[in-house]
Every structure is written in C-alpha cells, then in structure tokens.
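One structure is given here, and the rest of the page talks about it.
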Amino acid sequence: MQEQFLVGILLGVLAGVVNGVFLLPMRYTRDWAWENTWLFFTIFSTGIFPWVAALIGVPHIWDVLRASPITFFLPGIVAGLIWGSAQVMYGQGLGMVGVAIGSAVVGCTSTTAGTIGPMIVYGGSKVSGSAVFYLLVSVALILAGILIYGRSGARKERELAGKEQPKQVVQGSFKTGFIICLVTGLLGTAFVYGAKSSGALVDAALASGASSRLYGEFASLLVTFNAGLIPGVIFSIYKLNKNKTWGAFRNPAVWGWNVFLSALMAALWYGGILMYNSSGVKLGPSLGPSISFALFAGGTVFFASLFGWMAGEWKGASSGTLRGFVIGMSLIVAAMLIIAFRVSV
C-alpha cells in the first residue's frame, strides 16, 4: 500500500511537470498564428490521443461504446462540455487582466475546487481526519504560493513593460476579466468528475477485458475529452475567421513541422492528464483524486514558472520581484513535500 501511495505521488508530480511544459513547442512554430496551432493541438489532444489511449487500454472499446446506453455517457459529456467551455474562457480572462494575475486567480480557484470538491464528493467517511488536515494545509500553502507568485508576476509585467513579451489584450474591463478567471478556475476542474463519475462505463470497460480500473477509466476520459473537443474547435475556428488567419494553412513549407509540434504539445498535455488520472487511481478512491489534483495543479504552476525562469522570462526583474517568485515557488514545494510525507489514505 505504501509503495502504491508513493507511485501515486510520483505520478501526480510528473503530471505537473508535463503539464507545465506542454506549451513550449508552440514557441518554435513557423508562420502560424496562435489559433492555427491551437486548432491542431485541440484536435490531437482532445480528439485523437484519447482514442489512442482507449484503444490501447480497453480491448473491444468499440463494442463497449456501442453496447452502452446514453446514461453511461452523460457524466462525461456534461463534464467535457463544461471543461471545454472553461478552456475557451481561460484565454479571454487572461487577455483582460494579464497573464500573471489571471494565472494566479485561475490557479487558486482550480486548486481549491479540484482538491476540496472531490474530497467532499468521493471521500465521505472513509477519509481520516489527519489526512484531511494535512491536505488542507498543503492547499493553503499552494494558494499562498500562487498568490505571491501572481503578485510578483504582475510586478514583473509592469517592470518589463515595453521591453519583453507583449501582453495579449482582449477588450473588456478588469472586473469582467477577473470574474471570468474565477469562474474558469472553478469550471476547469469539471473533467475530474467526468472521469470519476462514469462508473458504469468504466465497469463495462473492465468487463470487456481492461486489465485494471486505471485502464478502464481511459474509456471515461475518452468521452469527457471528446466532448471537450467541441468548444475548443468552435473557438479556434472563430479566431481564425476573426483574425483572417486561415491563409497561414496555405504554406506547405511549414505544415509538417507545425503539425508535428502541435502533436507534441498534445502528447505532452494528454500524457499529463493520464498521469494525473493514474495518480488518483493509485492513491485510492477516497482522497486520491484530491491529492493528485493538488500535486497536479501545484506542480503545473511550479514547473511552468521554473521553465519560464530558465527561458529568461524573469530576466531584468527587480530583486524584490524575484524574491517573491522564489518565496511563492518555495511554498508550493513545501506543500508537495507535506502531501508526499504526511498525507495518507
């Protein structure tokens, strides 16, 4: 049991690592706008790779899906549509309030909702008081770390204004953007419930020959993220029409390279989702989803920020701003250590 728990912890941290770096390949695309790359990323990440995983993990997946009544799919479809819509809102909210503040708000809201929500829904009386206490302490440290990081990121944006990366600007008030980020963080955790609440579909996958519940849940992830594909594709097409960037697809010289990078982004992202989900299964049905989400969300912020720092995104910031960055990241690391060594299920 202890070995299983440690494997689950490691998978949760690795999920954060992968999710923190999946956007890096986008920096190297050629002659495509954001929406060109994002369309292909969305198709690969929420359309194709969930099928690849399900075909590998669930024997006779086609038969499982054909034989299952619509009620088996409803949790995943509803959760996927909510999650996909939240991803669309995410980019809009960040454009209104700025990347640093928006990421901090979304990070805090999603960490809280994604940790405490599954604890209430799936934990019940099986969860020990000490485990809940240490998990809540860890969540508080992650939230404090994200908030301090967000303040430092906002200071960095002001200090480097006009010198470094330009902000994405979306028309709208700061208040509206702030509210969008709050709602996005909450709704962005919906995929957790799509996978974990599709028990009937998972049982059908197990009956068809899936070797464990871990692989059986690939079927529920397939439904959830295929539903999430719909808002993502619609939004990408909207941006292509609005910005008149369809023409970028007419350049055959960059097609192979850019599609490869889009697929690489998707493989990293969905690989992180699979590791997060596997972490929750390994950690058990009571607190597993909550612990793995805390590690996943905290790790995503930490490693995305770390790789951003290594890439020079904080170069030129004042010592006070850098000090806030270090303190924020240290609090997140402390939270992960508490989860790893003090929380048990």
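Overview of results
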read-out: So residue 69, is it in contact with a helix residue (DSSP H, G or I) (Cβ under 9 Å, 6 or more places away or on another chain), surrounded by fewer than 21 Cβ atoms within 10 Å (Cβ to Cβ) and at pLDDT 85 or above; value: yes
read-out: Search result, residues across the stretch 19-32 that are at pLDDT 90 or above and surrounded by 21 or more Cβ atoms within 10 Å (Cβ to Cβ); value: 29, 32
read-out: Restricting the stretch 261-304 to residues that are among the hydroxyl-bearing types (Ser, Thr, Tyr) and surrounded by 24 or more Cβ atoms within 10 Å (Cβ to Cβ), the residue that is modelled with the highest pLDDT; value: 262
read-out: Test for residue 110: is it assigned to a helix (DSSP H, G or I) and touching a Pro at 6+ places or on another chain (Cβ under 7 Å); value: no
read-out: Among the candidates 317, 334, residue that is within 20 Å of residue 143 (Cα to Cα) and either surrounded by fewer than 22 Cβ atoms within 10 Å (Cβ to Cβ) or touching a Leu at 6+ places or on another chain (Cβ under 8 Å) (or both); value: 334
read-out: Pick from the stretch 140-180, criterion modelled with pLDDT under 80 and β-branched (Val, Ile, Thr), ranking: nearest to residue 220 (Cα to Cα); value: 170
read-out: One residue from 183, 137 being under 29 Å from residue 76 (Cα atoms), modelled with pLDDT of 85 or more, surrounded by fewer than 22 Cβ atoms within 10 Å (Cβ to Cβ) and of a type outside the set (Phe, Trp, Tyr); value: 183
read-out: Conditions (1) touching a residue at least 40 places away in the same chain (Cβ under 8 Å); (2) over 17 Å from the mean Cα position of the chain (by Cα): number failed by residue 15; value: (2)
read-out: Pair list, Cβ under 6 Å, 6 or more apart: the stretch 22-33 residue closer than 10 Å to residue 258 by Cβ, other residue modelled with pLDDT of 90 or more and assigned to a loop (DSSP other than H, G, I, E, B); value: 31/251
read-out: Candidate set from the stretch 40-63 (those that are farther than 20 Å from residue 214 by Cβ and aliphatic (A, V, I, L, M)); member that is surrounded by the most Cβ atoms within 10 Å (Cβ to Cβ); value: 43
read-out: Subset of the stretch 72-92 (residues that are more than 18 Å from residue 38 (Cα to Cα) and either of a type in the set (Phe, Trp, Tyr) or not in a helix (DSSP H, G or I) (or both)); value: 72, 73
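The values are calculated or read from the model by the stated rules, or taken from the named source; none is laboratory data. The model shown is predicted, which means the values in this text are computed figures rather than measured ones. Please note: Cβ atoms are built from the backbone with ideal geometry, for glycine as well, and neighbour counts cover all protein chains shown.
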